[in-house]
Amino acid sequence: MPVNLRGRSFLTLKDFTPREIHYLLDLSKDLKSKHRAGIKGDLLKDKNVVLIFDKTSTRTRCAFEMSASQEGAYVTFLTNSQMGKKESIEDTAEVLGRYYDGIEYRGFSQTLIENLAKHSHVPVWNGLTDDFHPTQILADLLTIQEHIFKPYENVKVVFVGDARNNMGNSWMIGCAKLGMHFTALAPKSLWPNPKLVTEMKNLAKQTGGTIEITSNIDKGVKGADVIYTDVWVSMGEEEKYPERIKLLKPYQVDMKMLHKSKNPHVRFMHCLPAFHDLNTEVAKQIHKKFGLKSMEVTDEVFRSRHSIVFDEAENRLHTIKAVMVATIGNI
């Protein structure tokens, strides 16, 4: 039977089968090809979407706005709303569901976005919460397909850093779903939630995947096809810089770590923004206080032939478009 995701929310990849994930990736490729050929789309013609942002954003906002526009949708950007302040999540969801065909939310609470989906009665898409970042993983999987020429089940992804964060969680889920080899490489205090690890290990047994958690750098990166990292401190945790720098400095992705993979074609990926140089205000403050010229990745790696971070960033546009088209589009 053909895959039909119409009317579905996109809150976490846990909710989707491997077949459905592959469908979204195939649709992303088709939409990307159409965009690059200069073909104007109409798959979201006359649809209305609202983008709710409780966290700052560059790629997520731009990708949602541009992909909606390119397929003919109308977009409302909403921030600093009354939701959760003077109006409950339930009441806001009921109202927005009567105005819009789909709702994107980027913020802190996974429970909040689940309540939006429950009460709005229209598809809700997760632009990032503290627990999950599923649209980013779709973009990453598409990028891997374009740069690593072997089946997903033969690909090893190593996530380095705070493996408890939304990217670590989402990568573990994505790899378990597609039968990939996932390694969380982190100090023990930053290992992912044991309950999620057990759940994904059980899933991986069904798909042929591997879920590995380690603090040993040599063991963790050996045979890696992708070494992936994220910022050491997430939005809202800025007071934890001293603690995280002490814990994660040994796990900085540098050329030495890439060489330990024993794979001359290993790729470096990062969801961005990245603290790889001193060209941001935050990086300058960290350098002044702690003496670091870079944090989670060195500038040498970030700018090297191994890095595919900007292809990855571009693919946010095409995979987000696929999610909207699949769930509310005219297909």
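The values are calculated or read from the model by the stated rules, or taken from the named source; none is laboratory data. Given the structure is predicted, the values throughout are model-derived calculations rather than measurements. No Cβ is skipped: glycine too gets one built from the backbone with ideal geometry, and neighbour counts run over all protein chains shown. Areas reflect the complete protein model, heavy atoms only, side chains present, ligands, DNA and RNA absent. Shrake-Rupley method; radii C 1.70, N 1.55, O 1.52, S 1.80 Å.
Structural remarks
- All conditions but one from (1) among the polar types (S, T, N, Q); (2) open to solvent by less than 10 Å² (accessible area, probe 1.4 Å); (3) closer than 18 Å to D230 by Cα apply to N126; the one that does not is (3).
The rows are residues; the columns are (1) surrounded by 23 or more Cβ atoms within 10 Å (Cβ to Cβ); (2) closer than 17 Å to D140 by Cβ; (3) of a type in the set (K, R); (4) modelled with pLDDT of 95 or more.
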position	(1), (2), (3), (4)
V157	yes, yes, no, yes
G174	yes, yes, no, yes
K188	no, no, yes, yes
L196	no, no, no, yes
L203	no, no, no, yes
V221	yes, no, no, yes
W232	yes, no, no, yes
G236	no, no, no, no
L248	no, no, no, yes
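- Whichever residue in the stretch 282-319 is acidic (D, E) and open to solvent by 20 Å² or more (accessible area, probe 1.4 Å) and, among such residues, is nearest to L248 (Cα to Cα): D299
- The single condition from (1) open to solvent by 80 Å² or more (accessible area, probe 1.4 Å); (2) in contact with a strand residue (DSSP E or B) (Cβ under 9 Å, 6 or more places away or on another chain) that H276 fails is (1).
- Total residues in the stretch 39-62, condition among the basic types (K, R) and at pLDDT below 95: 2
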